[in-house]
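Asker: Let me begin by handing over the structure; questions about it come next.
The values are calculated or read from the model by the stated rules, or taken from the named source; none is laboratory data. Quantities reported herein were computed from a predicted structural model and do not represent experimental measurements. Note that each Cβ is placed from the backbone with ideal geometry, even for glycine, and that neighbours are counted across all protein chains shown.
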């Protein structure tokens, strides 16, 4: 049962992925055909059309750029949009602010050791 279902699911997944990929691709990145023509080719000749679309467009067409200056090379930024750090631990300004706050706290807080009265010896 699974051996007959798996190829069918992969086939349907490939077709659906290809159609959605065509619909999300900017018009200037479509290869030789219009968006409607690509969808028609994928639907009329499903396996051939989907494979042709994937071969024609390559691995990734540069719709997504790596975030500039992102240390790990991950994180995606849409074209024309400013990429901000994902979490506070990725934001250098946040980390610097934490360090400043910690320094300020230690400078303004009196030393706990010097405030404690010395223990008197009960034997005296």
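Asker: Is there a residue being at pLDDT below 80, in a helix (DSSP H, G or I) and surrounded by 13 or more Cβ atoms within 10 Å (Cβ to Cβ) anywhere in segment 88-101?
Answerer: Taking segment 88-101 first, the residues at pLDDT below 80 are 88-91.
Still in the list and also in a helix (DSSP H, G or I): 88-90.
Those left that are additionally surrounded by 13 or more Cβ atoms within 10 Å (Cβ to Cβ): 90.
Yes, the conditions are met somewhere in segment 88-101.
Asker: For residue 67, which of the numbered conditions (1) modelled with pLDDT under 80; (2) surrounded by 14 or more Cβ atoms within 10 Å (Cβ to Cβ); (3) closer than 28 Å to residue 10 by Cα fails to hold?
Answerer: Of everything listed in (1) modelled with pLDDT under 80; (2) surrounded by 14 or more Cβ atoms within 10 Å (Cβ to Cβ); (3) closer than 28 Å to residue 10 by Cα, residue 67 misses just condition (3).
Asker: Which condition number in (1) modelled with pLDDT of 90 or more; (2) in contact with a strand residue (DSSP E or B) (Cβ under 8 Å, 6 or more places away or on another chain) is the one that residue 50 fails?
Answerer: The one condition residue 50 does not meet is (2).
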